[in-house]
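Peer 1: My structure is below; once you've seen it, I'll send some questions.
Read the figures in this text as sums done on the coordinates, not as results from a lab. Note that the structure is a prediction, hence the values are computed from the model and not measured. Methodologically, a virtual Cβ is constructed for each residue, glycine included, from the backbone with ideal geometry; neighbour enumeration extends over all protein chains shown.
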Amino acid sequence: MLGCLVAPTASLPSASPETRAFAVWGLVVDEIGKVGSVVEPREHFVLLAAFRLPPVPDSGWAPTLGERFGQLAEVRGLFGARKPLSNTPMNKAWAGALEMLAAAVAGRLGHLEGEDWLPYVEIGRSAMTGTPPGGGSPEEFRAPSEGAQPVFVERMLVTVVMHRRTALRRITERDIVARKDGLDGYDVQAGTGWSGNLTELPVVALWNCRLVAVPGEDPGDPVLARLRFRRKLRLGERYAFVSEALDWKLDEVRRWISVEVDHHGVAPGGLTIRVKFDEACLPAACWWYAEQLEVERLRRPAPGDPRLLDVGDGFVQHTFEGSCQPREEYGIAFRWPQR
């Protein structure tokens, strides 16, 4: 009897039974939200009660459907001026709303395949935990700036390859969650003086995106390199992509590798920075920093400070365990030997 629900999720990439269950649950929750915009409030509230969705009464939703309908009867004005004496009004609303919901879910089941299911997995997980899609409650993160990119980053892995004292290559892997419908790309600053040739941009799209240049509005404004996604994302949809930045200023000495949070934040433990130093040019000391002024990040920590990183044979990395806040910078700094 459950075959009509189980079979369509078989195309979900590398899906465990739990993931497939979240996908179906997310589809039901999403369609309840859509149905709620076209039906009467009583029908919408009956669906919420039936599936135990928010808003939840102070005492929590009761175990049985009949008892939950009894809870709805206590909501003033939902079923008329007077409190219903029986569950009959709720049963009638349930019959009509359920028919609409079943038709909507059945219609979507016939069109979803493969990666189409991924947004519903996130919706399903969020509905079970009571958190917004993308992880992290709003209280954990500061408000982003007005121009922040509408994404929440679940994982960011930055790998930097040094040439002498210059950051020659910087490869960034991002797993994001869209914070608005229709999101089609991610912007990175690409420098100034662009003449219109894409090959001049020091940015390369490596995986699951393509490079599009966005010139500034006024002369001298920074050129943005837009990493265009393969499709437009829905609110709450996950997406992964990889890019690379190249540094052509081989005579410029770097004193830190920094990540600026120009979006809605990074999940706890989601940011990792790795640096491979040139074997012929190792730093005298290396340490990580978070949310510091430039003068502070350049100050070498005292011996024994947990922020110090062992340079060893030239490979260092650090994962930031806490949340990375909007409008802040996180990175790894180093002190070069005096010549």
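Peer 1: Taking only Cα atoms and a 10 Å spring cutoff, compute GNM fluctuations for the chain and point out the largest among HIS263, HIS163, HIS111.
Peer 2: HIS111
Peer 1: Average projected area of the Cα convex hull of segment 22-67, in nm²?
Peer 2: 3.6 nm²
Peer 1: Could you tell me which helices of the chain pass both thresholds, a Cα extent of 20 Å or more along their own axis and a mean Kyte-Doolittle hydropathy of at least -1.0, with helices taken as whole DSSP H runs?
Peer 2: 17-36, 88-109
Peer 1: Please report, in whole Å³, the volume per residue of the convex hull around the C-alpha atoms of segment 3-129.
Peer 2: Convex hull of Cα atoms, per residue: 111 Å³.
Peer 1: Next question, about the same structure. Cα extents of segment 151-335 along the three principal axes, largest first, in whole Å?
Peer 2: 50, 36, 28
Peer 1: Another question, then. Counting only C-alpha contacts under 8 Å and six or more residues apart, can you give the relative contact order of the chain as a whole percent?
Peer 2: The value is 17 percent.
Peer 1: Provide the descending list of Cα extents for the chain along its principal axes, expressed in whole angstroms.
Peer 2: That gives 89, 47, 42 Å along the principal axes, largest extent first.
Peer 1: Any idea what % of Cα-Cα pairs in segment 262-339 are farther than 19 Å?
Peer 2: 40 percent
Peer 1: Between the DSSP loop rule and a limit of at most 10 other Cβ atoms within 10 Å, which trypsin sites (Lys or Arg not before Pro) in segment 1-84 are left?
Peer 2: Here the trypsin sites (Lys or Arg not before Pro) that fit, given the DSSP loop and packing criteria, are ARG76, ARG82.
Peer 1: Go through LEU98, PHE229, LEU293 and say which Cα lies farthest out towards the positive end of the charge dipole of the chain; charges sit on Cβ, +1 for Lys and Arg, -1 for Asp and Glu.
Peer 2: LEU98
Peer 1: Compare the peptides 304-316, 115-127 by average per-residue count of other Cβ atoms within 10 angstrom and give them in order, highest first.
Peer 2: The packing order, highest mean first, is 115-127, 304-316.
Peer 1: May I ask for the Rg/Rh ratio of segment 239-288, computed from Cα atoms with Rh as the Kirkwood radius, given to two decimals?
Peer 2: 0.99
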